[in-house]
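Comments concern the structure below.
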Amino acid sequence: MRTINNKIDLLKESPTRKIDAIREKLKRENKDIIVFSAGQPSIPPPIEIRELMGKLLKEESMNLYGYTPSQGILELREAISDDLKLLGGIDVNPSNIVITAGGQAAMFSTLATLLEPGDEVILFDPTYFGYKPLLDYNGAKIVRHYVTMEKDFQPNIDDIANIISKKTKAIILVSPDNPTGRIIDHKSAKGLAEIAIDNDIWIINDEAYKTLIYEGEHEFLYKYAPDNIISINTFSKDPSIPGWRLGYVYGPKNVIDKIKLVNEEMVYCPPSFAQHMVTRYLRSDIRLKYIKDVINEYRKRRDVMINAIKKRIPKAKYIIPKGSMFVFVDLKEYINDGEEFSANLLEKYQVASVPGNYFSEKYLSSLRLSFVAEKPERIEKGIEIISKALE
């Protein structure tokens, strides 16, 4: 009988892909779309690195095109190790790092390595929507920890301790968070690490936006509980190569070796060209200046969006994001159904957003608005249009 694995139905198309498809249809109709939905950078990698890679492409060599080690080239893993020491003061041996074909592959490989059917995983709400289908696919039971805007979306450590059970395998933390822009504070970071040690469980620490910090600093949980932390990272945000699919995972060597095997079965090895490009980027003198310039530009756009919301949508609730690319806006004073409003906003008003119910069971009247994809004047225009649509 020609059947398929029923588990496949647990994997759902990314909701933002559906929005992208509608955007593309409207673009073909010559509609001008203001993009608040995109979770990707709008500033390309440094021109110096692009020019260098252009020169390397002209060489008569297979160096940029051949297979690489499944774990990733050593030079890149060494550069990442040095970068983690520079950014967070943590010592991660290159052998404790595995390079993946993007952050999504890092997530899949990690969860497939750790989880067995019936394991419980604590997932924050709201948080990144990409984890739920992977947890469902691996047979895990999701135990939600609800965080609130009133408390800046910081976790309640006592509440988390109370929902730990004998079946708890892991806690997933995204910080800086998508969609809220919350950065985990020092007290909460240490509290989560202590819970992981005391209960002998994992923390999967998603650090995709760790260098996009506007105020405060990123907490590297690895420094508090290195034997319990598995950190997921991507180069999609820094240095802005989402389409080249490169990420990495670091953690205890025994689990990294297993993640490498899963990753090898999926993609054999990470993209060669992207690995060589990022190695040169991390080793370059211009990397820190580039990041500083990007942060300054994105902070300016963030502030433009916040001020426009204050002016045009005064009853909206939000926190000012300290990191990532998004403002998570609760519009319950205006609407009941964020998904319906988001769909109408795109089809009728040509402003693309992401509804909050993709990230949360509670914030159903909310939108995630990205402030990095558009220039300041178009951000102001987009918020003005949203205000008119709410009326």
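The values are calculated or read from the model by the stated rules, or taken from the named source; none is laboratory data. Quantities reported herein were computed from a predicted structural model and do not represent experimental measurements. All Cβ positions, even for glycine, are placed from backbone atoms using ideal geometry, and neighbour counts span all protein chains on display.
Go through region 109-219 and tell me which helices (runs of 4 or more DSSP H), entirely inside it, have 1 or more residues that are farther than 21 Å from Val372 by Cβ, in the same structural domain as Leu369 (by TED's automatic domain parsing) and among the hydrophobic types (A, V, I, L, M, F, W, C).
Details: elements: 131-137, 157-163, 186-199.
Because the criterion is at least 1 residues that are farther than 21 Å from Val372 by Cβ, in the same structural domain as Leu369 (by TED's automatic domain parsing) and among the hydrophobic types (A, V, I, L, M, F, W, C), no helices (runs of 4 or more DSSP H) in region 109-219 meet it.
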(request) Find the residue count for region 367-391, including only residues that are outside any helix (DSSP H, G or I), touching a residue at least 40 places away in the same chain (Cβ under 8 Å) and of a type outside the set (A, V, I, L, M). (result) 5
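Give Ser324, Ser342 a once-over and let me know the one that is within 19 Å of Pro126 (Cβ to Cβ) and in contact with a strand residue (DSSP E or B) (Cβ under 7 Å, 6 or more places away or on another chain). Spell out the reasoning first.
Details: Ser324 fails: in contact with a strand residue (DSSP E or B) (Cβ under 7 Å, 6 or more places away or on another chain).
The match here is Ser342.
Within region 263-277, does at least one residue satisfy the condition of being loosely packed, with under 15 Cβ neighbours inside 10 Å and hydroxyl-bearing (Ser, Thr, Tyr)?
To start, the set of residues in region 263-277 that are loosely packed, with under 15 Cβ neighbours inside 10 Å comprises 265-266, 268.
From the residues that got through so far, the ones that are hydroxyl-bearing (Ser, Thr, Tyr) too are 268.
Yes, region 263-277 has at least one match.
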(message) Going residue by residue through region 246-259, is there one that turns out to be of a type in the set (Phe, Trp, Tyr) and in a helix (DSSP H, G or I)?
(response) no
(message) I'm trying to understand the selection: among the residues of region 307-329, which are under 21 Å from the mean Cα position of the chain (by Cα) and buried (at least 21 other Cβ atoms within 10 Å of the Cβ)?
(response) Tyr318, Pro321, Lys322, Gly323, Ser324, Met325, Phe326, Val327, Phe328, Val329
(message) One residue is enough: does region 270-279 have a residue meeting the conditions within 20 Å of the chain's Cα centre (by Cα) and outside the structural domain of Ser70 (by TED's automatic domain parsing)?
(response) no
(message) Residue under question is Phe371, and the condition is that it be touching a Ser or Thr at 6+ places or on another chain (Cβ under 8 Å) and surrounded by 22 or more Cβ atoms within 10 Å (Cβ to Cβ); does it hold?
(response) no
(message) Among the residues in region 40-47, are any modelled with pLDDT under 90 and either within 24 Å of the chain's Cα centre (by Cα) or farther than 25 Å from Asn296 by Cα (or both)?
(response) no
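Here's a check for you: in region 48-107, which residue that is polar (S, T, N, Q) and within 21 Å of Ile241 (Cα to Cα) is farthest from the chain's Cα centre (by Cα)? Break it down stepwise before answering.
Just the residues of region 48-107 that are polar (S, T, N, Q), to begin with: 61, 63, 68, 70-71, 81, 93, 95-96, 100, 104.
From what is left, the residues that are within 21 Å of Ile241 (Cα to Cα) are 63, 68, 70-71, 81, 100, 104.
Numbers: Asn63: 30, Thr68: 26, Ser70: 23, Gln71: 22, Ser81: 20, Thr100: 15, Gln104: 9 Å.
The residue in question is Asn63.
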(request) Within region 166-186, identify whether any single residue is more than 23 Å from the chain's Cα centre (by Cα) and loosely packed, with under 15 Cβ neighbours inside 10 Å, and answer yes or no. (result) yes
